[in-house]
Amino acid sequence: MIRSAIIGVGSALPRRIMTNKDFEKLVDTSDEWIVQRTGIEQRHIAGDDETTVSLGEAAARAALENAGLTPDDIDLIVVATATPNNTFPASAVEIQQRLGMQHGFAFDMQAVCSGFVYAITCADLHIRGGMAKRALVIGAETFSRILDWSDRTTCVLFGDGAGAVVLEATEGKGTVEDRGILASSLRSDGSHKEKLFVDGGPSTTGTVGHLRMQGREVFKHAVGMITDVIEDVFAKTGVTAEDIDWFVPHQANKRIIDASAKKLGIAEEKVIITVNKHGNTSAASVPLALACAVAEGKIKKGDLVLLEAMGGGFTWGAVLLRW
Ligand code: ACO
């Protein structure tokens, strides 16, 4: 049975760090409020020369180096982003070009903060369907470009960055001991649009627009949605919360992460937290957290790793994999 295993991981962050103190000069907020409500202490913000494509390219190169591969070895690129450089071409195709690739195929995946979970599931299906042997799956965002910097309820929450993994076809026995993606669960429900959306776009206003969010409403739904899809991947595989070595959740808010882990019965020491350093980087948050956990020597070969995300739409999903 063919599985897709992660064989390399990388990340890239903009040079500039903005602390909560920096926001005190911009809007009526405080370091204490932001830390207490979200767990965020700082975030990286892209400079003029840094874009979704440049950050995505840097993360992709780091993941390739980590895997000991070159762009010649890749035949598929999927970029999860809600903040592409241009409406088209896809940022994935721009990254493909920057990597010097004229072979294979590349496309963007739009599921906002759930983008990476959607993208890795999509790449896994391409690999298992025989369409590709090795894929770069990238989450890259520059949410700073769609924030309303005068709205304290949203501007303090987000950051920019990119993370990437290399997925490779491997032969498995069809058991949960196999290396690679063991199960995915994806969901969406457009009836929640008004709770989290961007108020512009090419087909409506002809502008890029700004992110708008009813934070309390998002919070209310988040834990239930996240735990539902996780229970689905548990049911599909027979894996339980105690079996999980590392829980790598979407990094939106420490309180949502803590409440989800608690509801599922996942021990605190197994939860990867980067929201304090990165803020919410949307589709980049899960691969960025993965890259940090690997660099810190936490995630190791053979570990059972659980990913989840939830975002605008709403969209939400979970992926269970063996590293
Ligand atoms: N600084 C100071 N005060 C603030 C700030 C701020 N930055 N932002 C809001 N407040 C005020 C509000 O105006 C409100 O004041 P009021 O009571 O006088 O009206 C008060 O703080 C409480 O506001 P709430 O919105 O009720 O605060 P809450 O405890 O819900 O925390 C937060 C807000 C952090 C946004 C929370 O609701 C949350 O995290 N929601 C989930 C958001 C999220 O995770 N989104 C991303 C998921 S999807 C994706 O990743 C794209």
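Computed over the Cα atoms of the stretch 180-322, pair by distinct pair, the Kirkwood hydrodynamic radius stands at 15.8 angstrom.
The residue among I74, M213, L320 whose Cα reaches farthest toward the positive pole of the charge dipole of the chain, with charges on the beta-carbon of Lys, Arg, Asp and Glu, is L320. Residues E217, E141, arranged from fewest to most other Cβ atoms within 10 angstrom of their Cβ, appear as E217, E141.
Net charge dipole, the stretch 138-282: roughly 520 debye, given to the nearest 20, about the Cα centre with Cβ charges of +1 for Lys and Arg and -1 for Asp and Glu. Under 5 Å from the amide H of K133 lie the amide H atoms of D75, each residue being 5 or more positions distant or on a separate chain, with H modelled from the backbone and absent for Pro and chain starts. Residues whose amide H falls under 5 Å from that of F105, counting only those 5 or more places apart or on a different chain, are L76, I77, with hydrogens built in the peptide plane. Within the chain, antiparallel bridges make up roughly 70 percent of the DSSP beta bridges whose residues both belong there. The string of couplings for the stretch 261-272 from the Karplus curve (6.51, -1.76, 1.60, θ = phi - 60°) is 4, 5, 4, 7, x, 9, 5, 3, 6, 9, 9, 8 Hz, one whole number per residue in order, with x for Gly and Pro.
Think of it as helices only: each DSSP H run of n ≥ 4 in the chain is worth -39500 (n - 2.57), and spread over all residues that comes to -9500 deg cm²/dmol at 222 nm. Just want to confirm a number: the relative contact order over the chain, from Cα pairs under 8 angstrom separated by 6+ residues, in percent. Answer for the chain is 26 percent.
Projecting the Cα atoms of V27, V9, L147 onto the charge dipole of the stretch 2-171 (Cβ charges, centred on the Cα centre) puts V9 farthest toward the positive pole. Treating each Cα of the chain as an identical point scatterer and summing with the Debye formula, the log10 of I(q)/I(0) at q = 0.06, 0.13, 0.16 Å⁻¹ comes to -0.18, -0.88, -1.37. Convex hull volume per residue, computed on the Cα atoms of the stretch 24-103, equals 141 Å³.
Our note on the geometry: Cα centres of the stretch 256-323 and the stretch 37-112, 20 Å apart.
Note that the stretch 105-112 has calculated 3J(HN,Hα) couplings of 9, 8, 7, 8, 10, 10, 9, 6 Hz, one per residue in order, obtained from phi through the Karplus relation 6.51 cos²θ - 1.76 cosθ + 1.60 (θ = phi - 60°); glycine and proline are x. A straight Cα-to-Cα reach below 18 Å connects K21 with the lysines K277, residues fewer than 8 places away in its own chain not being considered. Note on the stretch 2-171: Cα Rg divided by 2.2 N^0.38 Å, N the number of residues, gives 1.11.
Simple point charges give the picture: +1 on the Cβ of Lys and Arg, -1 on the Cβ of Asp and Glu, and for the chain a dipole about the Cα centre of about 260 debye.
Pairs exceeding 29 Å between alpha-carbon atoms, taken from K262/K300; K195/K270; K236/K263; K220/K300: K195/K270; K220/K300. Here the dipole of the stretch 2-171 is about 220 debye; that uses its Cα centre as origin and unit charges on the Cβ of Lys and Arg (positive) and Asp and Glu (negative). Result for the chain in a Gaussian network model with C-alpha springs under 10 Å: among E41, E308, E269, the largest mean-square fluctuation is at E269. Remark: relative contact order (the stretch 1-145) = 28 percent; criterion is Cα-Cα distance under 8 angstrom and separation of 6 or more residues.
Neighbours of R152 by Cβ distance under 11 Å: Lys/Arg scored +1, Asp/Glu scored -1, total -4.
Using alpha-carbon pairs under 8 Å, 6+ residues apart, how would you state the relative contact order of the stretch 180-322 in percent? Present the calculation step by step, with values, prior to reporting the outcome.
On the way: 243 pairs, mean separation 53.1, N = 143.
That works out to 37 percent.
Here the translational diffusion coefficient of the stretch 168-263 follows from Stokes-Einstein with Rh set to the Kirkwood radius across Cα pairs; for 20 °C and 1.002 mPa s it amounts to 131 µm²/s.
All of the numbers you see were taken from the coordinates with simple rules; none came from a lab. Nothing here was measured: the structure is a model prediction, and the numbers come from that model. Using ideal geometry, Cβ is built from the backbone for each residue, glycine included, and neighbour counts are taken over all protein chains shown.
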